[in-house]
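For reference, the structure discussed in these notes is given below.
The values are calculated or read from the model by the stated rules, or taken from the named source; none is laboratory data. Predicted model, so just to flag it, every value in this text is computed and none were measured. All Cβ positions, even for glycine, are placed from backbone atoms using ideal geometry, and neighbour counts span all protein chains on display.
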Amino acid sequence: MRVVIESRDLHLFYGKKEALKGINLTINKGEITALIGPSGCGKSTFLRTLNRMNDLIPNVTITGNVLYNNENIYNPQTDIVELRKKIGMVFQQPNPFPFSVYENVVYGLKLEGKRPKEELDEIVETSLKDAAVWDDVKDKLDKSALALSGGQQQRVCIARVLAVKPEVILLDEPTSALDPVSSGKIENMLFELKHQYTMIIVTHNMQQASRISDRTAFFLDGKLIEFDKTKKIFLNPSEKKTEEYISGKFG
């Protein structure tokens, strides 16, 4: 397996509070990696270090390295716009822009410069199909994305990420604000996309993690407690804390 992302002795501080305590983790190409753990354990903070989203938060200090294709993304020379094209992000709350569905999907492409309309049309259709929302919106491409249901909005946001052809997709609890039917559609879609993208998903939903991920990392109090194949984590964890969390003794 080729390693796409690797964190080495990664520490993150919000002011004086240490939120990540020496995280060493490798992400393999073409796999879905789930990050689990109770609220405030550091899993979303870790996810945001992988495309430097924490740069937007004041008083954050990061030490250690995050390597993407063997390059340290915290190198001062890193082009953050390029980095975020390669490592896209889907947030917990659907966040479509107040434009048409079509304009939402092509937003990132237009930042790169002009492209022929036929090419944009094709990318919009492919991205919406890959995001399993084409049939819902193909007759509403010129309508506001804000008029869609929450589940449809989230899938349009995923299509917007797919349109710029990232290598890695970070998903921060992408189904927590959605109903079970919409959540199921997004899970199925992520499973279908696995052969094209490397994905890292933060989830509170143990069933979701066990259903869709290849590997699972369990975080607690800013530390990585255990990281292994998902089946092993759920059926035969090595650490007592992992077992207690998965069996619902805390969380």
Review point. Would you call Ala177 farther than 22 Å from Ile23 by Cα, crowded, with 22+ Cβ neighbours inside 10 Å and among the hydrophobic types (A, V, I, L, M, F, W, C)?
Key: no
Practice item. Would you please list the contacts, defined by Cβ atoms under 7 Å and residues six or more apart or on different chains, that run from a residue in region 202-213 that is assigned to a helix (DSSP H, G or I) to a residue that is small (Gly, Ala, Ser) and surrounded by 24 or more Cβ atoms within 10 Å (Cβ to Cβ)? Key: Ala209/Ala34
Review point. Could you give every pair whose Cβ atoms fall below 9 Å, whose first residue belongs to region 3-31 and is over 19 Å from Arg215 (Cβ atoms), and whose second residue is modelled with pLDDT under 95 and among the small types (Gly, Ala, Ser), counting only separations of at least 6 or pairs across chains?
Key: Ala19/Gly40
Point to revise | Complete set of residues in region 234-251 that are without any contact (Cβ under 8 Å) to a residue 24 or more places away in the chain and not polar (S, T, N, Q) | key: Leu235, Pro237, Glu239, Lys240, Lys241, Glu243, Glu244, Gly248, Lys249
Review point. Gly64 versus (1) under 26 Å from Ala145 (Cα atoms); (2) touching a residue at least 40 places away in the same chain (Cβ under 8 Å): which is the lone unmet condition?
Key: (1)
Check your understanding: Could we say that Val161 is touching a Gly at 6+ places or on another chain (Cβ under 7 Å) and closer than 23 Å to Leu83 by Cα here?
Key -> yes
Exercise for review: Identify all residues within region 36-67 that are under 30 Å from Gln207 (Cβ atoms) and in a strand (DSSP E or B); write none if there are none.
Suggested key: Ile36, Val66
Check your understanding: Tell me, which helices (runs of 4 or more DSSP H) lie completely within region 72-140 with 1 or more residues that are more than 23 Å from Asp172 (Cα to Cα), of a type in the set (Ser, Thr, Tyr) and free of Cβ contacts under 8 Å to residues at least 40 places away in the same chain?
Key -> 117-130
Check your understanding: Tell me, which residue of region 150-174 that is farther than 26 Å from Ser39 by Cβ and at pLDDT 95 or above is surrounded by the fewest Cβ atoms within 10 Å (Cβ to Cβ)?
Key -> Glu167
